[in-house]
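To start, the structure itself, in structure tokens.
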Amino acid sequence: MRRKLVAGNWKMHGLKADLSEVTAIATAAGANPSVDAALCVPFTLIAAAAVAAGDMPVGAQDVHQAAKGAHTGCISAAMLVEAGAGLTIVGHSERRADQYETDAQVKAKAEAAHAAGLGVILCIGETLDERDAGQAEAVVTAQVAGSLPEGADAAWLSLAYEPVWAIGTGRTPTEVDVAAMHGAIRAKLTALIGDEAAKVRILYGGSVNGANAASLLACADVDGALVGGASLTAEKFVPIIEAAASLSQA
């Protein structure tokens with residue numbers, strides 16, 4: 001059975017004044033050892049959050065594919081490791097859309113992160129127009145194929161399916177839709193990496209909260225959640241961790 005992973009993505013939120021939330025979340029994570037929990041915070045907060053989080057992993061929300069060089073404003077994997085990060089998100093829909101990141105760039109970022117010893121959460125997902133056009137599965141599985149790093153295995157890689165139209169909107173696909181897409185992702189992974197695909201965790205992300213977490217996490221092939229706004233406070237994030245723990249213990 002794949003252990004559930006509940007990861008928070010703070011996006012462009014978080015100052016040192018918010019470190020008490022990191023500590024509170026880490027304390028709750030420690031009280032639910034059947035679940036893996038992590039927080040991906042802004043670059044500026046990684047070092048301080050890594051201290052505040054204790055044993056709970058802290059990660060970044062992006063990484064550059066180059067080890068060093070003339071890349072103003074970018075952060076390398078080695079820099080993240082030195083700051084205290086244990087993982088990073090790559091390919092989030094907001095970066096694919098706003099920074100025009102391609103599958104090839106996402107793949108290169110994942111490979112660079114892994115080479116430096118970081119875990120990777122690789123994001124994939126379709127827009128509302130793509131879903132309404134009946135292209136959702138084709139779009140998502142093409143992203144899997146194009147973004148999957150060389151040597152991908154469950155020891156360091158998780159995928160996160162995030163329907164773009166559900167992120168932060170309060171809208172979520174039906175549980176049937178979620179299970180179907182996760183099944184399609186698993187099938188594509190199997191075609192690409194064989195038996196190892198059965199071990200890779202596929203997270204769901206898109207307006208996950210304490211009220212819907214249990215039902216979403218119970219869907220077939222859903223191995224955790226990538227949580228946005230609800231991860232900013234312990235009050236909202238801890239119930240999601242506890243929902244995952246209740247399923248892990250069932």
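The values are calculated or read from the model by the stated rules, or taken from the named source; none is laboratory data. Keep in mind the model is a prediction, meaning the values are calculated, not measured. Reconstructed Cβ throughout: ideal geometry from the backbone, glycine too, with neighbour counts over all protein chains shown.
Odds and ends about this structure:
Here's the yes/no breakdown for (1) more than 27 Å from Ala26 (Cβ to Cβ); (2) of a type in the set (Val, Ile, Thr):
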| residue | (1), (2) |
| --- | --- |
| Val140 | yes, yes |
| Ile167 | no, yes |
| Ala197 | yes, no |
| Arg201 | no, no |
| Ala211 | no, no |
| Lys236 | no, no |
| Pro239 | no, no |
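- Single match in Ala17, Ala85, Ala29, Ala77 (criterion: under 18 Å from Thr233 (Cα atoms), buried (at least 22 other Cβ atoms within 10 Å of the Cβ) and of a type outside the set (S, T, N, Q)): Ala29
- Tabulated pairs, region 14-26, first farther than 20 Å from Gly228 by Cβ, second at pLDDT 95 or above and part of a helix (DSSP H, G or I), C-beta under 6 angstrom, 6+ apart or interchain: Lys16/Ala48; Thr23/Ala52
- Residues satisfying the stated conditions in region 117-131, i.e. without any contact (Cβ under 8 Å) to a residue 60 or more places away in the chain and crowded, with 18+ Cβ neighbours inside 10 Å: Leu118, Val120, Leu122, Glu126, Glu130, Arg131
- Among the residues of this structure, Thr169 does not count as one that is under 19 Å from Val222 (Cα atoms) and either surrounded by 22 or more Cβ atoms within 10 Å (Cβ to Cβ) or in contact (Cβ under 8 Å) with a residue 24 or more places away in the chain (or both).
- Cβ-Cβ distances below 8 Å connect no pair with a first residue in region 187-202 that is farther than 18 Å from Lys4 by Cβ, a second residue that is part of a helix (DSSP H, G or I) and aromatic (Phe, Trp, Tyr), and a separation of six or more residues or different chains.
- Filtered residues of region 67-81 (kept if within 24 Å of Trp10 (Cα to Cα) and in contact (Cβ under 8 Å) with a residue 12 or more places away in the chain): Ile75, Ser76, Ala77, Ala78, Leu80, Val81
- The set of residues in region 116-134 being acidic (Asp, Glu) and touching a helix residue (DSSP H, G or I) at 6+ places or on another chain (Cβ under 6 Å) consists of Glu126, Glu130.
- Search result, residues across region 126-178 that are of a type in the set (Gly, Ala, Ser), within 21 Å of Ala214 (Cα to Cα) and not in a helix (DSSP H, G or I): Ser158, Ala160, Gly168, Gly170
- Members of region 188-247 that are hydroxyl-bearing (Ser, Thr, Tyr) and either within 17 Å of the chain's Cα centre (by Cα) or crowded, with 22+ Cβ neighbours inside 10 Å (or both): Tyr204, Ser207, Ser231
- Lone unmet requirement of (1) within 17 Å of the chain's Cα centre (by Cα); (2) free of Cβ contacts under 8 Å to residues at least 60 places away in the same chain for Val176: (1)
- Flag if Val238 is aliphatic (A, V, I, L, M) and out of contact with any strand residue (DSSP E or B) (no Cβ under 9 Å at 6 or more places or on another chain): yes
- Thr141 among the hydroxyl-bearing types (Ser, Thr, Tyr) and over 22 Å from Ala220 (Cα atoms): no
- Inside region 132-162, residues that are within 18 Å of the chain's Cα centre (by Cα) and crowded, with 19+ Cβ neighbours inside 10 Å make up a count of 14.
- Which numbered condition Gln249 misses (of (1) on the phi < 0 side of the Ramachandran plot; (2) modelled with pLDDT of 95 or more): (2)
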